[in-house]
Structure formats: structure tokens, C-alpha cells
1. Take each of the peptides 278-287, 113-122, average the number of other beta-carbon atoms within 10 Å over its residues, and list them starting from the highest.
2. Modelling each spin label as a point 7 Å along the Cα-to-Cβ direction, I'd like the GLN72/GLN124 distance in nm, to one decimal.
3. For LYS143, which lysines qualify as cross-link partners when the Cα separation must be under 23 Å and same-chain residues fewer than eight apart are set aside?
4. Can you tell me which of 81-93, 265-277, 183-195, 20-32 comes out highest on packing, and rank the rest after it, using the mean Cβ neighbours within 10 Å?
5. For region 71-173, take the convex hull of the Cα atoms, compute a quarter of its surface area, and give me that in nm², please.
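Values quoted throughout were computed directly from the atomic coordinates according to the rules given, and no laboratory measurement underlies them. Bear in mind that the values here come from a model prediction, so they are computed numbers and not experimental data. Please note: Cβ atoms are built from the backbone with ideal geometry, for glycine as well, and neighbour counts cover all protein chains shown.
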Amino acid sequence: MKKLPVIKAVDQDVTDRYAIYQGDSCELIRGIPDDSVHFGIHSPPFEGLYKFSGSDRDLSNSEGVTFWRHYQFLISEMLRITMPGRVQAVHVMQLPTSKRRDGFIGMRDFRGEVIRAWQDAGWQFHSEVCIWKDAVVAQARSKSHRLNHKQVVKDSTISGQALADYIVAFRKPGDNPEPVSGALKRYVGEGEGPDFAKFTTDTDSRNWFSIEVWQRYASPVWMDIRQTRTLQYLTARDANDEAHISPLQLDVIERCIDLWSNPGDIVFTPFLGIGSEVWAAVQSGRRGLGFELKDKYFRQARINMTRETAEVTADALASLAQEAATDAPLHDGEAIGELEPVS
């Protein structure tokens, strides 16, 4: 079994179940051995939309050619460290444009730009899934004119749909030396899911519980993701932060982990944030590995790694209540009403 790497960083927390490091991922990733990571999932900074810190090392502070040069370096390094035949999953969405920045209100094909960047680095475009978003909730969060019904009445040529999330997955060329095998043993999502009494054995191809879970996961659109099931994030935000942080839903992370990794595998993220991917990996019986540049996010991730499911659920509910009680926008101050929040 491959061991979690020992890496020199500004700060670190290394156990037998996870290893998290504070520092620049472009530097820290060089310490990971070739072909040692089994699976990875991350949300890259959405270029030009959010600024997560004031550091000139923060990828979110880069735009245009500089952003893609730096992100392309990480994509190439992830190709090096990932086992042959294994998968890396990327959370993306299309990006809104604004009159001030782009000259028009519309959208930009960021999802396509990410796909092409990974393909250019040598990855195979493996699969993708669209994650349904509630347009009413999106409008309440973003204050987007495009989603207002009064805009339809006034001039619907300005109106547009809510921006969905996507998981785009990439496979490293080569034969996978350790097949990801076995039936799906849990359902992660809205509602109770299939009846676990239908579960037979882990190796039974007619395991009806696993079949019914797979039928939901195989859908090109995931309609049953619990949008509010995230790690608690409010205490990780600085008062002078330029952007709202909203971690990727744990349902999404856990589905990807179940589909593309085995128990005990190393699950990697170059953008740890407050720890969602690593926390979910550990809770799923895997080993988590992640890097985070911002010291406050790293400290919050360290705290979160010690917490159990009940605590996270309670904090998520408390966060929702606090959000509902404030009229503060959940995005940066540029182009109010023309931006969508990151998920």
C-alpha cells in the first residue's frame, strides 16, 4: 500500500488517515512520488471571478494567460502523480460575464476551457455529469437580473437560465494496476435511496441495491444532490475577504470517491480549502491528501478533520440560518446582480 508522502511545508498535519499541508500547491506537489495517487477531486479557482486571498501566489489572483499557465502546471503534475488508468475529477461551472469586465451580460465557456486544458496536458476526457441547481435559490443568492421574472416581462432577451455545476472527469492513459471493484455499498443523496435489503454480495453483478444506486449515479444529470450538505465554512472567512467561500457539496465528493476509488486509496486535492475533499475521503474509508495556501482556511481544515458527521450536519444547518438572516451578497462586489455564487 502506498504511503502518504512526507512533504516540507509551512505547516502540516499528518496522520495515518490523512495528510494536509499549508503552502503553495505548485511547490508542494513536487514532493509527491510518481504514480502514487489513486484518485483526486478538486474545485479550481474560477478564473477572474473570485479572489480568495491577497497572496500573489494564490491562483485565484491570476487571470488570462497567467492563470492558465499556472493551472496547466498543476494539471501536468497531477498526470505525473496519478496512477495509470486512474481518474481525477474537476468541479466547474460556466462563468457569468459582466458589462464592466466583458462588455456584455452573458456567459463564458469555462467548462470547455478546463476540458481542453486537461486534454492538452495528456489526459483523456473520461466523463461528465451536470448537477441540477434550483433557479429560485440561485436568484436569491446571486441577485442576478437574468433570473428575475420581472426581467422576462421587461425584456426577456436579457434573461437566462441558472448556471449548473459540472463534474468533468479525466483518466490518465495506461492500464489500471489496481481495479476499482465491488458493488456500491451506500447511496449518497436526497431521500432514503434504494432499499439496502436488496444488497446481496459485494461481487454479485445482480446486486439490486448496487444496480439501483448505479442507475441514479449513471444519470447525466444529478437531480438529487443535497445542496446544503457542506462543511461549515463561516468561521473560515476573513472580514476583508474579497469572495464568499462555499465548499463543494459532500454528496458530490462522496459519489465520486465511491465510483472511482477503493477503500484505503489516496484521494488528492491541490486546493484543500477548509477540507471538504479530504474529510469526505477519510469518512469514506480512504486516505486524504491536500494542500492549502491560505493559513486561515488551513487552520479551519485542521479543525474540521477532527469532527464527526453529526457536528458537520449541525454546523451546516446553523450556517444556513445565519445566511438567511443577512441581506449581504454572497459574492464579490463587482457587478452586483450579474454573478453566480461558487458551489
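1. 278-287, 113-122
2. Taking the simple label geometry, GLN72 and GLN124 are separated by 2.4 nm.
3. LYS51, LYS99, LYS133, LYS154
4. Order by mean packing, descending: 265-277, 81-93, 20-32, 183-195.
5. 7.7 nm²
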